[in-house]
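Q: Can you keep this structure in mind? I'll have questions shortly.
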Amino acid sequence: MINPGLPKIFYGGDYNPEQWEKKVWDEDVRLFKLANIDIATVNVFSWALNQPDETTYNFEWLDEVIDKLYQNGIFVCLATSTAAHPAWMATRYPDVLRVDFEGRKRKFGSRHNSCPNSPTYRKYAPLIAQKLAERYKNHPALLVWHVSNEYGGICYCDNCAAAFREWLKERYGTLQALNAAWYTSFWGHTFYDWDEIVPPSILSEHSGPYRTSFQSITLDYARFNSDSLLACYQLEYDELKKQTPGVPITTNLMGTYKPLDYFKWAKQMDVVSWDNYPAADTPVSVTAMRHDLMRGLKDGQPFMLMEQTPSMQNWQPYNSLKRPGVMRLWSYQAVAHGADTVMFFQLRRSRGASEKYHGAVVEHVGHENTRVFRESAELGAELSRLEDKLLDSRVPAKVGILFDWDNWWAIENSSGPTIDLKYVDEVHKYYQAFYDQNIPVDMIGVDTTLAGYDLVIAPVLYMVKPGYAKKLEDFVKKGGVFLTTFFSGIVNETDLVTLGGYPGELRSLLGIWVEEIDALFPGQKNRIVMKEKLGGLEGEYTCNLLCDLLHSEGAEVVATYGDDFYQGMPVVTRNNFGKGQAWYVASSPEPAFLKGLAGRIAADKRIKPLLETPPGVEAAARTKDGETFLFILNHNRQPQTVDLANLQGTDLLANEAVSGSVDIPASGLRIISCSNPD
Ligand code: GLA
Ligand code: ZN
């Protein structure tokens, strides 16, 4: 929860007054008020301004900004400004500069540029956080802390190398254990001294970003790098917490961002926040999945939509405008999936440098008579009218889809069996199968309790962490349904194969033995031939990417391969285990198959879709105090009619009673409040 008792969905975003003369600030607050903006994220990139040298701090400008905002009814999400170090720091203390994957020492420039193991960075970043906390701890405008900005990237400098060795000592204790975990008998890698270990880069183990000779070393470096950045966050967090124990602390995440293990990060955050930047051609189901993932990081707790663009980005190759209504629609999509704030990057468009063509609430023309401003102001007014109705409501889901960063890293480090296997894409295929039927999904981590779920889906569960197979077995024994796919149960936590037959630790749960794995060329397909009709599934479907060649060891064969020398071998199996079932899908099927399968296993568990909708119309729900808020979001550019079946309620936005069939304009939506969606 962001701040118990917030009066409404806070609305606003990144505001960079330091880029403007003071006379613009008055005009800013006039415009913000017109747009019903009540939160501004300030001080994100002002370290150089705040601290001109080692010992001087200038916060007067910030005092003035925060006071002015507060006097005009606007709260602040206060950033610590540590996402880009000052130039003087780089010149005087070069340890703050990163070394890249190619081994090049960077010079001052850009942002998100500090080495996470730099003693200088680790000294000055928490120090400025401390100064800010001291200065603003009693300011009534302070609503939430925003540590740094979009932590990310990776460093290969000598300080990182030394810290990596310490991290490894902590993890493995002895070199003997490390040699065993990394399988260093391969290619003569036995280490006799910790100092012999170097970061895995293009100078050492790698032949390209995704090609490493030693998967376990690269995997550990990814973990170490995520932990190193997290330690930087933690240093600032501790300084802020010490002085403002009651103010929630966050840092803005980036959805399916590969380098950071966000499940681990979220444990150190009071509230999750994230920046949502879909491209015009990003499927809306991908955006929905990312929202659900961000909500899943803290077991379903609402999150902050920290950034989205009101109109366009600047960093994509083709930065198309959000069409009329789409910004509003996507804002509510975020809310439908658990957002309790709606915020933009940024409030006023920069005059210079790389973000001058990034959309903003206030455009270069400088006044309110623009399409973007009008749409922003209308949304602001609408969110004000909603008051606190939706705040802190939950998203109920009976389906959990597992997402695990370690597994992601391990799969994509893998040399073989195919370069085309992309973890997030496979997860999304399963997500979409439920999404397309309006069956709510939680994205869950390996630590998430499974008890509340009827179905647990773990696409490509390549790495099985200690205890996880047992956790799944317990879940299924008690009546849960589990589904996993090809290339699962292969390795342990350090990427060592579990010997004795795939899928390793999952073998008895699934009742199968995978003997071989075939990789298909792009465009090559096999067929899934159903043995009999199963729910909506019958006949044949295509599959591609990888094909496991498997034998049943007790599992019922639901479908077999249609082609190649393994024609007739099982491709889909279902194993009864305790009171539940465990499914295995041995290849990557076409969407129609997955939709049918998802529908069938959901129906088996009596999980009903929220609503039947035409294609491109999404239904999602939040609940609070016995009330359900059903969101019906029309992602089509044509109006749609939706049959509410036996559902009755009140449309919160139109403020009218609804039942029967309702019209939804192009890019429009309805939020229907009802006591029971059935
Ligand atoms: C990120 C950053 C912002 C800004 C936007 C532009 O999310 O956090 O500072 O650069 O991207 O899309
Ligand atoms: Zn470094």
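Q: Relative to the present Cα-Cα distance, how much length would full extension add between N179 and L386 at 0.36 nm per residue of separation?
A: Additional length available on full extension: 68.6 nm.
Q: What's the carbon and sulfur percent of the range 533-678's accessible surface, probe 1.4 angstrom, rounded to a whole number?
A: Taking all protein chains in place, the range 533-678 shows 44 percent carbon and sulfur surface.
Q: Oh, and also: Only Lys, Arg, Asp and Glu count, each charged at its Cβ (+1, +1, -1, -1), so figure out the dipole size of the chain about its Cα centre, rounded to 20 debye. Write out the running numbers ahead of the final one.
A: Details: 67 positive and 84 negative charges, 133 e Å.
Roughly 640 debye, rounded to the nearest 20.
Q: Between the range 87-115 and the range 1-47, how many Å separate their Cα centres?
A: Rounded to whole Å, the Cα centres lie 31 Å apart.
Q: Hey, another quick one. Heavy atoms only, probe 1.4 Å: what % of the accessible area of the range 249-295 goes to carbon and sulfur, would you let me know?
A: After summing per-atom areas, the C and S share lands at 55 percent.
Q: Alpha carbon centre of the range 117-158 versus the range 333-371: separation in Å?
A: The range 117-158 and the range 333-371 have Cα centres spaced 24 Å from each other.
Q: Using 11 Å as the cut-off for backbone N distance, which residues of the range 38-66 belong to the label zone defined by a point 7 Å from the Cα of R111 along Cα→Cβ?
A: Those under the cut-off are 43-47.
Q: If you don't mind, there's one more thing I want to ask. Taking the Cα atoms of the range 399-604, what is the range of coordinates along each of the three principal axes, in descending order and whole Å?
A: Each principal axis gives a Cα extent; for the range 399-604 these are 39, 38, 31 Å.
Q: Shifting gears a bit: Rounded to a whole number, what % of the accessible area of the range 158-220 do carbon and sulfur atoms account for, probe 1.4 Å?
A: 52
Q: Placing unit charges on C-beta atoms (Lys and Arg positive, Asp and Glu negative, everything else neutral), compute the dipole magnitude of the range 393-498 about its Cα centre in debye, rounded to 20.
A: 400
Q: Further question on the same structure: For the range 161-228, with every protein chain kept in place, what is the accessible area per residue (1.4 Å probe, Å²)?
A: Per residue, the range 161-228 has an accessible area of 48 Å².
Q: With a probe of 1.4 Å, find how much accessible area the range 617-674 has per residue, and write the answer as a whole number in Å².
A: Solvent-accessible surface per residue comes out at 41 Å².
Q: Roughly how many Å is it from the Cα centre of the range 454-495 to that of the range 618-675, as a whole number?
A: Using only Cα atoms, the two centres lie 36 Å from each other.
Q: If you don't mind, another one. Past 19 Å, Cα to Cα: identify those pairs from K258/K398; K267/K471; K8/K33; K267/K298; K68/K137; K429/K525, in the order given.
A: Numbers: K258/K398 26 Å; K267/K471 21 Å; K8/K33 15 Å; K267/K298 7 Å; K68/K137 17 Å; K429/K525 17 Å.
Check vs 19 Å cut-off fails for K258/K398; K267/K471.
Q: Need the full-extension length gain, A645 to Y57, defined as separation in residues times 0.36 nm minus the C-alpha distance. One decimal, nm.
A: Computed gain between A645 and Y57 is 205.4 nm.
Q: Something else about it: Could you tell me which of the pairs K131/K356; K241/K264; K169/K241 are separated by over 22 angstrom between their Cα atoms in the structure shown?
A: Values: K131/K356 31 Å; K241/K264 19 Å; K169/K241 30 Å.
Result: K131/K356; K169/K241 exceed 22 Å.
The values are calculated or read from the model by the stated rules, or taken from the named source; none is laboratory data. Only a predicted model underlies this, so the values are computations on that prediction, with no experimental measurement involved. Don't worry about glycine lacking a Cβ; one is built from the backbone with ideal geometry, like all the others, and counts go over all protein chains shown. All accessible areas refer to the heavy atoms of the entire protein, side chains included, with ligands and DNA or RNA removed. Shrake-Rupley method; radii C 1.70, N 1.55, O 1.52, S 1.80 Å.
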